[in-house]
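Nothing in this text is a laboratory measurement; each read-out follows from the coordinates by a stated rule. Since the structure is predicted, the reported quantities are computational estimates derived from the model, not experimental observations. Reconstructed Cβ throughout: ideal geometry from the backbone, glycine too, with neighbour counts over all protein chains shown.
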Amino acid sequence: MNFDRVIERRGTNCYKWDTRPDVLGIPDDLISMWVADMDFVVADEILDAISERLRHGIFGYTFPADEYFDSIINWWKERYGVDLKREWIIPLTGVIPGMALAIEKFSSKGDGIIIQPPVYWPFRNVIELNDRVVVENDLLENGGEYTMDFDDLDEKAKDSKIMILCSPHNPVGRVWSDEELEELSKIAQKRDLLVISDEIHSDFSFSRRFVSAISIGDLRERVIVLASPNKTFNIPGIRNGYAIIPNEDIREKFQRSVTAHNMKPNIFSIVATQAAYSHGKEWLESVRDYILENFKLVERELNGCCGMKMKIPEGTFLAWIDFRESNLTDPYIEILKKGVWLQDGKVFGKSGKGFLRMNVATPRKILLEALRRIREGLS
Ligand SMILES: Cc1ncc(COP(=O)(O)O)c(C=O)c1O
């Protein structure tokens with residue numbers, strides 16, 4: 001495991017490194033830190049498992065077998081102390097495809113669906129492109145600390161069908177506490193909301209223990225958890241994910257949609273998921289340590305520079321940097337022109353204005369160069 005190793009990703013149709021923003025005056029050697037995947041090679045065990053399957057040479061129709069389900073069940077038990085039943089798990093081709101199916105199945109055109117901006121922008125897409133209405137329950141922000149606005153949630157839930165919870169939250173990095181989830185659960189119960197809990201970032205919780213929505217009493221009966229080894233093990237291009245649905249009625253309806261769409265994970269995603277969950281623990285612990293050190297570097301290098309503020313998040317590998325007190329007119333563009341591509345906070349909703357998101361899951365050499373360009377370029 002050598003996370004310092006820099007591997008050229010350009011020339012691989014890589015979203016992060018092979019695309020460029022349409023802005024004039026950006027240097028050719030742009031450092032890309034916007035998309036949320038990692039610039040690290042996956043665990044050897046995943047590579048070996050995929051290679052072995054690849055060498056078999058026949059890639060016919062395949063199903064996820066006991067080993068696949070057991071690897072997920074054991075992971076959840078060991079990491080979160082959660083007992084999953086096999087029948088609760090429904091394999092998918094990704095978290096967002098699962099979200100789209102749930103929205104189609106459990107709401108109708110014109111229904112309101114709650115999100116908590118600033119939040120991962122495809123949530124908005126998946127609602128609007130399905131002709132549903134985005135209902136914004138903005139997070140409260142106080143000095144860089146984010147909490148949920150429960151009064152507003154209660155009010156908005158009156159006329160909404162579904163709430164999409166981002167847990168841990170991308171981009172603000174919150175790992176929601178038991179108390180917060182209990183409070184949310186009460187509102188969901190009172191207003192009869194279905195909760196879709198996107199837990200894709202769960203394995204990157206640092207200063208607070210991750211609590212799944214299915215560990216919360218009443219919520220368990222009205223939740224569709226969407227999870228995946230994608231972020232955890234850096235395999236999002238293999239396209240995989242799964243839903244966990246304890247409630248039988250919700251599960252059966254969701255399963256009908258999955259069957260209707262014939263949504264099946266591909267061979268390599270099944271193999272990669274099994275290998276990752278069964279043998280990837282050590283790799284994950286090392287990458288988490290590396291990422292934490294990267295966060296400390298960003299904190300040290302950027303805090304105070306041109307009025308920027310950054311706190312190490314409770315979860316995710318994404319730094320949420322506050323530029324509201326900086327002297328920059330448009331920090332996104334100004335940093336781009338210095339050769340670093342961060343994600344503009346506005347993309348995550350109006351309340352993201354004045355923030356930039358930086359993916360720190362990259363070799364230290366790349367990170368240090370990006371930090372140097374930002375510091376020296378802007379001071
Ligand atoms: C919160 C969140 N959900 C979902 C996804 C994407 O999931 P998938 O690629 O499995 O559809 C991402 C990727 O960045 C994410 O941050």
Worksheet item: Over the chain, what is the relative contact order in whole percent, taking alpha-carbon pairs under 8 Å and six or more residues apart?
Response: 24
Worksheet entry | Phi-based couplings in Hz for segment 105-118 (Karplus 6.51, -1.76, 1.60; Gly and Pro marked x) | 7, 10, 8, 10, 3, x, 5, x, 10, 8, 10, 10, x, x
Practice prompt. For ASP111, enumerate residues with amide H under 5 Å from its amide H, sequence gap 5+ or separate chain, H modeled in the peptide plane.
Written response: VAL133
Worksheet entry | Calculated SAXS-style log₁₀ I(q)/I(0) at q = 0.06, 0.10, 0.15 Å⁻¹ - the chain, Debye, Cα scatterers | -0.22, -0.65, -1.43
Worksheet item: What is the Cα centroid distance between segment 34-58 and segment 217-282, reported in whole angstrom?
Response: 18
Worksheet item: Which of the trypsin sites (Lys or Arg not before Pro) across segment 99-131 are loop residues per DSSP, with 13 or fewer other Cβ within 10 Å?
Response: LYS109
Discussion item. So if I place +1 on the C-beta of Lys and Arg and -1 on the C-beta of Asp and Glu, and nothing else carries charge, what would the dipole magnitude of segment 58-279 be about its Cα centre? I want it in debye, nearest 20.
Written reply: 780
Worksheet entry | Cut-off of 10 Å, at most 16 other beta carbons, DSSP loop: longest stretch of the chain lacking such GluC sites (Glu not before Pro) | 9-324
Worksheet, complete the sentence: Put in order of increasing Cβ neighbours within 10 Å, starting from the fewest, ILE96, ILE58 give ILE58, ILE96
Worksheet item: Relative to a virtual label point 7 Å from the Cα of HIS279 in the Cα→beta-carbon direction, which members of segment 33-49 show backbone nitrogen distances below 13 Å?
Response: 43-49
Worksheet item: Each residue of segment 128-144 in order: what ³J(HN,Hα) in whole Hz does its phi give by Karplus 6.51 cos²θ - 1.76 cosθ + 1.60, θ = phi - 60°, with x for Gly and Pro?
Response: 5, 6, 9, 6, 9, 10, 6, 10, 9, 10, 4, 5, 8, 10, 9, x, x
Fill in: In segment 187-231, chymotrypsin sites (Phe, Trp or Tyr not before Pro) in a DSSP loop with at most 12 other beta-carbon atoms within 10 Å
none
